[in-house]
Every structure is written in structure tokens, then in C-alpha cells.
1. Of these, T16, T70, T38, which one is crowded, with 18+ Cβ neighbours inside 10 Å and at pLDDT below 85?
2. With respect to A101, is the statement that it is among the small types (G, A, S) and in contact (Cβ under 8 Å) with a residue 40 or more places away in the chain true?
3. Can you tell me which of T310, T316, T302 is within 31 Å of the chain's Cα centre (by Cα) and not in a strand (DSSP E or B)?
4. What pairs can you find where one residue is in the stretch 223-235 and over 15 Å from L168 (Cβ atoms), the other is at pLDDT below 75 and of a type in the set (A, V, I, L, M, F, W, C), and their Cβ atoms are less than 8 Å apart, with a gap of 6+ or different chains?
5. For the stretch 136-166, name all the residues that are within 16 Å of the chain's Cα centre (by Cα) and modelled with pLDDT under 75.
6. State the number of residues belonging to the stretch 40-84 that are assigned to a strand (DSSP E or B) and free of Cβ contacts under 8 Å to residues at least 12 places away in the same chain.
7. Quick one: count up the residues across the stretch 164-186 that are surrounded by 17 or more Cβ atoms within 10 Å (Cβ to Cβ) and of a type in the set (D, E, K, R).
8. Is it fair to say R91 is outside any loop (DSSP other than H, G, I, E, B) and at pLDDT below 75?
Amino acid sequence: MQEQQMADLPAERLTTCPPFTYVGLDVFGPFHVSARRTRGTQPESKCWAILFCCMSSRAVHIEVITSMDTSSCINALRRFFAIRGPAKQLRSDCGTNFIGACKELGLSADQPDSAVQRYLHQQGCSWVFNPPHASHMGGSWERLIGVARRILDSMLRDHSTRLTHEVLCTLMAEVTAILNARPLVPVSNDPENPYILTPSMLLTQKAGAPPPPGDFTDRDLLTKQWRQVQALSNLFWNRWRQAYLSTLQSRKKWTRSHLNLQDGDIVLLKDNQAARNNWPLAVVTKAIPGTDGRVRKVELRTANQGQSKTYLRPVTETVLLLRKD
């Protein structure tokens with residue numbers, strides 16, 4: 001399997017700009033919520049959440065959506081822009097709902113002549129998609145989603161709690177406050193500087209929102225809805241604190257530079273769905289270097305039963321078999 005030295009931080013991570021100017025986003029869920037009570041039963045529906053992560057301040061914003069279609073994605077984006085202001089750049093994976101929203105909003109590269117695209121181009125707004133099967137390229141927000149998703153999934157699975165849409169929205173607001181209260185740098189030993197730098201302080205110039213007074217335990221999960229939310233928030237906080245500490249250590253992989261793939265190289269595709277004795281081969285049609293000259297994603301062409309197809313893949317999904325020269 002091919003590797004390449006980890007890239008430097010993108011310019012969006014280091015640019016001095018207002019919060020949520022450069023944003024990474026992804027969807028997680030689903031969560032089962034109870035609808036209105038009918039004849040003693042509570043029919044359930046599904047909801048998802050979109051996490052927006054500021055590339056510079058590392059702050060997060062969560063919006064709840066009721067479906068995975070393009071319209072729900074656009075509505076969530078409009079709510080996000082209404083609260084946080086317009087963004088100059090959005091980054092995400094190649095989810096079909098994101099691609100559909102990108103096209104309908106006129107952010108797609110294949111719509112250069114649309115009036116919306118011209119306006120957004122003048123404003124410097126764009127939507128960048130990571131290659132398929134390359135979640136590590138969205139590491140700055142994928143790690144936050146991964147930890148939050150695991151905690152929420154285990155919480156709601158272990159406690160068979162019936163959530164309403166209102167409870168879920170309030171819980172996501174509390175989760176947002178917890179994520180934005182995490183320390184960004186080591187705590188200072190200077191007694192003249194007792195405050196901890198957090199995304200919340202960068203957003204509001206205030207300390208994080210304090211919890212409401214009172215003790216909230218598992219018994220509150222079956223009582224009033226507002227106490228149910230606080231009990232779930234406390235549970236998330238306890239698990240988040242333990243899970244987040246382990247992510248503060250430095251990464252230990254992709255520390256060495258490797259030979260770049262180049263046009264014409266023959267590679268073997270890593271495909272977990274490949275049938276037995278099927279070895280999908282491909283030829284590199286375009287090596288895409290990063291700003292440092294190292295190739296981390298490539299365009300590939302394969303042939304299957306006489307039909308040619310082109311894919312965009314990270315180099316970690318390929319194994320070099322034969323170099324062009």
C-alpha cells in the first residue's frame with residue numbers, strides 16, 4: 001500500500017480570519033426520535049446531525065436535519081450561514097447530499113456560467129471535495145465527529161431513552177457547548193493568566209456556558225424533558241473528557257517521504273468489496289501533487305469487460321506494481 005509523508009497544515013488552518021470563514025463539515029447519525037403520541041404508542045422517525053468545524057478557531061456548530069436529501073442539507077447550510085455568517089470555503093467528503101447541495105447552490109465547478117456561481121466566485125466562496133475513501137484528509141473535523149459519534153451512539157444504546165425532536169436539538173446544543181469548551185493549548189501556569197483558551201472564548205469572548213444548578217443522574221432520564229437533556233449532557237461530558245484526552249498526543253504515522261506516483265504507473269486498487277481472485281488493476285492517468293510537491297491523490301483509469309472508468313483515489317488506496325520508467 002502506498003504512503004506519503006503527512007502534508008503541512010493547509011493555509012486555511014493558519015489564516016487569520018473571522019471564525020467559520022473556512023469550514024469542514026460532515027454528517028453523523030442517525031438518531032431515533034419519538035413523534036407525537038397516538039393511541040398509546042410513539043411512532044419513531046430518524047434524524048441526523050451536520051457538524052460544521054471552523055478550520056482556524058477549531059470551533060464547532062451542529063445542525064439537526066430530518067433527512068439525508070439535498071433540501072435538508074441546503075436548509076442546514078442556510079441556518080448555519082444565518083447564525084455564523086457566510087463562509088469563504090466549505091470542505092467535505094463526496095456524500096451525494098453534499099454534491100447535490102453544491103450543485104443546487106451554484107458552487108459546483110461544472111456550473112461556471114451560473115449567476116450564483118459568478119457571485120460566489122466574486123465573494124471567494126467555494127466547495128472543495130476530498131477524494132473518495134480519504135476520510136483522513138478531513139482529519140481536523142473527522143476526529144471530532146468520530147469521538148462525538150461514538151459517545152452518543154453508546155449513550156443512547158446503553159440508555160433506551162426516548163428522545164423527542166426538541167430534546168435532540170437541545171442535546172446537540174449542549175454537546176456543541178461541551179466541544180467548544182475544550183482547551184486548545186496547554187493550561188498556563190501563570191497566575192496572572194488563569195483562563196483557558198477555548199473555541200468558545202474565541203467565539204464569544206466569554207467562558208463556557210455553566211450547567212444549570214442541580215445534580216442530574218440516570219433517574220432524570222425518565223422525568224421532565226429539560227432534566228433528561230441535562231442528564232444526557234452530563235453523561236456526554238464525562239465520556240467526552242476521557243475520550244478527548246487520548247487525542248491530544250502527537251500522531252505517529254506518515255512521518256517519512258516516499259517516492260511519488262506518476263502518470264502511467266500501474267497500481268493495484270485496494271477494494272474491500274472485490275470478489276475472490278479478482279485483482280483490480282489501474283493505470284495512473286494524473287498524479288495530483290500538493291503544495292509541497294508530494295502526491296497524495298491520483299486519478300486512475302480501470303477497464304472492466306471492455307468498459308473504461310475513471311476514479312479519484314488517495315494514494316493510500318493503491319499499491320504500486322510497475323513504474324512507467
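1. T70
2. For A101, the condition - among the small types (G, A, S) and in contact (Cβ under 8 Å) with a residue 40 or more places away in the chain - is not met.
3. Of the residues listed, the single one that is within 31 Å of the chain's Cα centre (by Cα) and not in a strand (DSSP E or B) is T316.
4. R227/F216; N234/F216
5. H136, M137, G138, G139, S140, W141
6. Selection size over the stretch 40-84: 1.
7. Matching residues across the stretch 164-186 total 2.
8. No; evaluated as a whole, the condition is false for this residue.
The values are calculated or read from the model by the stated rules, or taken from the named source; none is laboratory data. Quantities reported herein were computed from a predicted structural model and do not represent experimental measurements. Here the Cβ is made from the backbone with ideal geometry for all residues, glycine too, and neighbour counts use every protein chain on show.
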